[in-house]
1. Give region 294-337 a look and list any residue that's among the β-branched types (Val, Ile, Thr) and either in contact (Cβ under 8 Å) with a residue 12 or more places away in the chain or touching a helix residue (DSSP H, G or I) at 6+ places or on another chain (Cβ under 6 Å) (or both), or say none.
2. With respect to residue 170, is the statement that it is under 28 Å from residue 49 (Cβ atoms) and either among the aliphatic types (A, V, I, L, M) or touching a residue at least 60 places away in the same chain (Cβ under 8 Å) (or both) true?
3. Among the residues of region 215-223, is any farther than 19 Å from residue 167 by Cβ and either in contact with a helix residue (DSSP H, G or I) (Cβ under 7 Å, 6 or more places away or on another chain) or surrounded by fewer than 22 Cβ atoms within 10 Å (Cβ to Cβ) (or both)?
4. List the pairs whose first member sits in region 197-210 and is more than 17 Å from residue 139 (Cα to Cα) and in contact (Cβ under 8 Å) with a residue 60 or more places away in the chain, whose second member is among the aliphatic types (A, V, I, L, M) and surrounded by fewer than 11 Cβ atoms within 10 Å (Cβ to Cβ), and whose Cβ atoms are under 8 Å apart, counting only residues at least 6 apart or on separate chains?
5. Tell me whether region 133-147 contains one or more residues that are within 30 Å of residue 39 (Cα to Cα), touching a Lys or Arg at 6+ places or on another chain (Cβ under 9 Å) and of a type in the set (A, V, I, L, M, F, W, C).
6. Considering every residue within region 23-34, establish whether at least one is under 19 Å from the mean Cα position of the chain (by Cα), outside any helix (DSSP H, G or I), surrounded by 16 or more Cβ atoms within 10 Å (Cβ to Cβ) and at pLDDT 95 or above.
7. Return the residues of region 283-322 that are within 21 Å of residue 380 (Cα to Cα) and assigned to a helix (DSSP H, G or I); say none if nothing qualifies.
8. Of all residues in region 220-256, which are aliphatic (A, V, I, L, M) and closer than 13 Å to residue 192 by Cβ?
Amino acid sequence: MPIPTENVGSLPRPARLQEAIAAYDSGDIGFDELAERQDAACRDSIERMGATGAPIVSDGEQRASSFATYPITDTLAGTGLADNLAADGQYFAIFDDGHHRQLPRLTGGPFRYKTFASDYLTKSAPYATRPLKQAVIAPSMLCLLYPLDDELDGYPREQFLSDLCDEAAKDIRQAFAAGAARVSIDFTEGRLASKNDPRNPWTGRRMLEQFIELNNRVIDRFSAQERVNIGIHTCPGGDMDSVHSADVDYAELLPSMFTMNAGYFLMQLASEQDKERVYRLVGEHSRDDANGVAQVCFIGVIDPLNPTVEAPEQVAEDLVTASRYIPKERLGSTDDCGFSPFSIDDKPKHGSPDFARDVAFQKITARVQGTQIAEERLGL
């Protein structure tokens, strides 16, 4: 059986698209013109990813505001913010380079998605000749829209969480119905939950177990057969070529993370300081039976924050090493993170988003080729 390989989700948006987003926010262009540039970027993403030899492709989230806020706003600047939300929410993360990303704030109920991932997938599917995957946001991220301590008048926290789980499950089901072969849930807040950053109050609340329980409330609505193709992605962040929680020990996350009953996991590892130690942890805590599904472990072999393109031989070496700890039949390869989880991203280490986009496809090619080399070495 070959080693499966797939991307996480996002690709750098072309500078032309980022300029269009800014022009849309300022009112200089209408949505139709923005949509044309989004559509062109999606077509280009699918075609170029297919040219890498990748067995499964995506549109690179070119239409999404970000991996986290696509259901509730049209742009990062807040244009088209959904009902019952204000722009002045808490920080999702403060990154090592000092910049931050902020969430909206829920002001009342009921909570509903404005946009579903399937809305994007339906538009992109005609361009694909290979299976498509779709990334969706975890309910554990969006639960941070609700005030940390206060309860909203007429909209109790538990009612919000119930509505949130309904919307998150609908997001996944509609993605499959729109043609997604795989759906992965972005869970970057998992590692951040153990950081305890005093500048960012929610990180000191020991919310990891709450996050896990909330995500399982959604995942457990799906059958074992469906959960084979439902994944979880974790990483220490990756925005503006910076991270937010790489200093958090994976040992604080993995034992809990693998209690989620997903069929596969996409984990940042290429940029990890001690990769072999984490391979061992993955092998120890991942399950061969998670309520009827074996958990396939996709290890990160590509660092999207580093403009240097990995050699396929290095990719193969990482996979062969990982196979000492993770059963070969449950081993896969991926990129550490999405290449640009937020729609506006200058990619400072790369010099420009257009160069970063070209590099991303070179890196995906190296991942695909390196995975094939590893298959040969492992006799698969």
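1. If we filter region 294-337 for residues that are among the β-branched types (Val, Ile, Thr), which is where we start, we get 296, 299, 301-302, 308-309, 315, 320-321, 326, 334.
Within region 294-337, 296, 299, 301, 302, 309, 315, 320, 321, 326, 334 qualify.
2. For residue 170, the condition - under 28 Å from residue 49 (Cβ atoms) and either among the aliphatic types (A, V, I, L, M) or touching a residue at least 60 places away in the same chain (Cβ under 8 Å) (or both) - is not met.
3. Applying the first criterion (farther than 19 Å from residue 167 by Cβ) to region 215-223 yields 223.
Next, only the ones that are either in contact with a helix residue (DSSP H, G or I) (Cβ under 7 Å, 6 or more places away or on another chain) or surrounded by fewer than 22 Cβ atoms within 10 Å (Cβ to Cβ) (or both) stay: 223.
Scanning region 215-223, I find at least one residue that is farther than 19 Å from residue 167 by Cβ and either in contact with a helix residue (DSSP H, G or I) (Cβ under 7 Å, 6 or more places away or on another chain) or surrounded by fewer than 22 Cβ atoms within 10 Å (Cβ to Cβ) (or both), so the answer is yes.
4. Close Cβ pairs (under 8 Å, with a partner that is among the aliphatic types (A, V, I, L, M) and surrounded by fewer than 11 Cβ atoms within 10 Å (Cβ to Cβ)) amount to 201/148.
5. Quick first cut of region 133-147, residues within 30 Å of residue 39 (Cα to Cα) only: 133-142, 145.
Of the ones still in play, those that are also touching a Lys or Arg at 6+ places or on another chain (Cβ under 9 Å) are 133-134, 139, 145.
Cutting the leftovers down to of a type in the set (A, V, I, L, M, F, W, C) gives us 145.
Checked region 133-147: at least one residue is within 30 Å of residue 39 (Cα to Cα), touching a Lys or Arg at 6+ places or on another chain (Cβ under 9 Å) and of a type in the set (A, V, I, L, M, F, W, C).
6. Step one: list which residues in region 23-34 are under 19 Å from the mean Cα position of the chain (by Cα), which gives none.
Within region 23-34 (the criterion being under 19 Å from the mean Cα position of the chain (by Cα), outside any helix (DSSP H, G or I), surrounded by 16 or more Cβ atoms within 10 Å (Cβ to Cβ) and at pLDDT 95 or above), the answer is no, since none of the residues qualifies.
7. Those that are within 21 Å of residue 380 (Cα to Cα) and assigned to a helix (DSSP H, G or I): 283, 312, 313, 314, 315, 316, 317, 318, 319, 320, 321, 322.
8. Let us first name the residues in region 220-256 that are aliphatic (A, V, I, L, M), namely 224, 228, 230, 232, 240, 243, 246, 248, 251, 253-254.
Once the filter is applied, which keeps residues that are aliphatic (A, V, I, L, M) and closer than 13 Å to residue 192 by Cβ, region 220-256 yields 243, 246, 248, 253.
The values are calculated or read from the model by the stated rules, or taken from the named source; none is laboratory data. What you see is a predicted model, and the numbers here were worked out from it, not measured in a lab. Neighbour counts are summed over all protein chains in view; Cβ atoms, including those assigned to glycine, are modelled from backbone coordinates with ideal geometry.
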